[in-house]
Amino acid sequence: MVSTFSLSGSIGKVPMSSHASSQKKGLGDAEHLKALGYEDTFHRSMSLWGNFALGFTYLSPLVGVYSLFALALSTGGPPAIFWLVIVGTGQLLVALVFGEVVSQYPIAGGIYPWTRRLWGKRYAWMTAWVYVWAMLVTITAVAEFGSGFLASLINAPVTKEVTLGLSVLFLVVAFAFNFSGTKMLARAARIGLAAELIGVIGLGLYLLLFQRKQEFSVFFDTLGAEGDGSYATAFLGAALAGLFLFYGFEACGDVAEEVPDPARGIPRAMILTILVGGVSALFSFGGYVLAAPDLQAVVDGTDIDPIPAILDATLGTVGATLFLIVAITAFLSCVLSLQAAASRLIFSFARDGMVPGKTWLGQVSPRTAVPVNALIVASTIPLLLCVLIYLGGSTILTQITAFAVLGIYVAFQAVVLAALRQRFKGWRPAGPFSLGPLGFIVNIIALAYGISAMILLARPGTTGVFLDDWIVLIGLAVVMGSGLLYLFIAKPHTTSHQPEGDAIAVAAMLRAHPQNTDRDDAARTDARPTMASE
């Protein structure tokens, strides 16, 4: 662990910029990173807009709504749409907590370095282990689901061989974009963002305004979704409509070292991702509900894939084909963003010496400033999982992805819990993005929300088939069990000498830095009334 003295010394040796510059910006990006113990090795070529696009395409409301529309309606009926509001609000609180953390720690890898600096090495290792596997499985799932859209576009039969080939194509094309560098990643993410906005907001508004078959009051009508039981139980079961959708905003922080002024920009990008993603999902979900020609059949479960029929009925053959192109672009962009986020997490893990092959995985290409080897791993493992699905059948996809969302929520709440623990010990976040006194309250509510979400996700099913009912907890237990086994046998945390649990000390040092002090003094001076005699 780096001592407080050595960290303080490193800050004191940072070259100071002009006073005018410090009034405007405070601590510079390279100086901030150096104070945290790292050199600035990436190209800071991703703008705020590109960073927002990365998080938004990872969150991908188009992918989420299309995948969950039929399930949400057959479980909870039209009122299931309110889960988008509930979960979106809860995840916004989580994003606010993340914003304060990344503002103090704008380090590549996101969740791993955050939990390390907020708690400790072993805590961070387990959090990152769960999170990276959840992301790798999610990459696989998105590529597999996207292959169905591509098969429809090219009129290919949806066989096991075609699905495997097209899934691999998604992974390889996304890898090629990522391999080209941060500028190409940002450009591709912006294209994906445009496709998402057209596919969800544009189409959603069109359906709402011109193709409405239902009254707005239908959102307060269960249409018998509860059957003979309680609607409260049915509504809780439909929580997946929101819980599967509102994550991905954390990817904005995974590329913190590739963004100029990340301590200010990334919190904004995270919040924007949640707000725009939530509005987009509401337009899209609501549009499909109101435009469904036979909504009762969807609620009854007799129409298990209603969106293609809705599109054909409302857009015609040409319009449906254009939507397929938009959807494929969105799926590809989602895979691209997931690969980028996973590779930065693996790189951050390796840079701190916490994984086997740390030297190889911790390398950054001098030409493209991309962690190429970590990117290869983030692309190869999903490819192998696609082969496993091909050999084991489509049910394997459901089984290996069942734990992914719960794993991601576990990792999120590990950050929220660690931040709250530091607050109780006296931590006041020192980044330029701060909630002030409200931070404590937001942190507590975010944790309460997260625990509730994990309970909903981990609830066993009621089919009577043991594996199907308990697969979520079984998957999480396998991942966490293997991680704990490796942690206690190989002791990877003992090979790393980067700081841990230093949130309070770093906050104090950042506040004491001359550039930040000058900035604060300037702010107070600017706030004073101007006297005529002056």
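The values are calculated or read from the model by the stated rules, or taken from the named source; none is laboratory data. Bear in mind the structure is a predicted one, so any value in this text is a computation, not a measurement. Every residue, glycine among them, receives a Cβ derived from its backbone with ideal geometry; neighbour counts consider all protein chains shown. Side chains are part of the model used for accessible areas, which takes the heavy atoms of the whole protein and leaves out ligands, DNA and RNA. Shrake-Rupley method; radii C 1.70, N 1.55, O 1.52, S 1.80 Å.
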Checklist entry - Between a first residue in the range 111-138 that is within 11 Å of S348 (Cα to Cα) and a second residue that is acidic (D, E) and buried (at least 24 other Cβ atoms within 10 Å of the Cβ), which pairs have beta carbons less than 7 Å apart while being 6 or more apart in sequence or on different chains? => result I111/E250
Checklist entry - Of the conditions (1) under 23 Å from the mean Cα position of the chain (by Cα); (2) among the hydrophobic types (A, V, I, L, M, F, W, C); (3) within 19 Å of L92 (Cα to Cα), A458 fails just one. Which one is it? => result (3)
Item to check | Which numbered condition G450 fails, given (1) part of a helix (DSSP H, G or I); (2) open to solvent by 20 Å² or more (accessible area, probe 1.4 Å); (3) not acidic (D, E) | outcome: (2)
Checklist outcome for this item: The condition of being part of a helix (DSSP H, G or I), crowded, with 24+ Cβ neighbours inside 10 Å and not basic (K, R) holds, among G199, G148, only for G199
Item to check | Search result, residues across the range 100-141 that are closer than 21 Å to S434 by Cα and open to solvent by 10 Å² or more (accessible area, probe 1.4 Å) | outcome: W119
Checklist entry - Can you tell me which of L295, L243, L290 is of a type outside the set (D, E) and either within 14 Å of the chain's Cα centre (by Cα) or open to solvent by 10 Å² or more (accessible area, probe 1.4 Å) (or both)? => result L243
Checklist entry - Among (1) open to solvent by 30 Å² or more (accessible area, probe 1.4 Å); (2) at pLDDT 95 or above, where does P356 come up short? => result (2)
Checklist entry - Identify, please: which residue in the range 421-439 is surrounded by fewer than 20 Cβ atoms within 10 Å (Cβ to Cβ) and of a type in the set (A, V, I, L, M) and is, among those, farthest from A512 (Cα to Cα)? => result L438
Checklist entry - Of everything in the range 266-277 that's touching a helix residue (DSSP H, G or I) at 6+ places or on another chain (Cβ under 6 Å) and open to solvent by 10 Å² or more (accessible area, probe 1.4 Å), which residue is nearest to G202 (Cα to Cα)? => result L272
Checklist entry - Quick one: A309 ticks every box in (1) touching a residue at least 60 places away in the same chain (Cβ under 8 Å); (2) farther than 14 Å from F175 by Cα; (3) open to solvent by 30 Å² or more (accessible area, probe 1.4 Å) bar one, so which box is it? => result (1)
Checklist entry - Pick from T163, T182: which is farther than 17 Å from L384 by Cβ and either hydroxyl-bearing (S, T, Y) or under 19 Å from the mean Cα position of the chain (by Cα) (or both)? => result T182
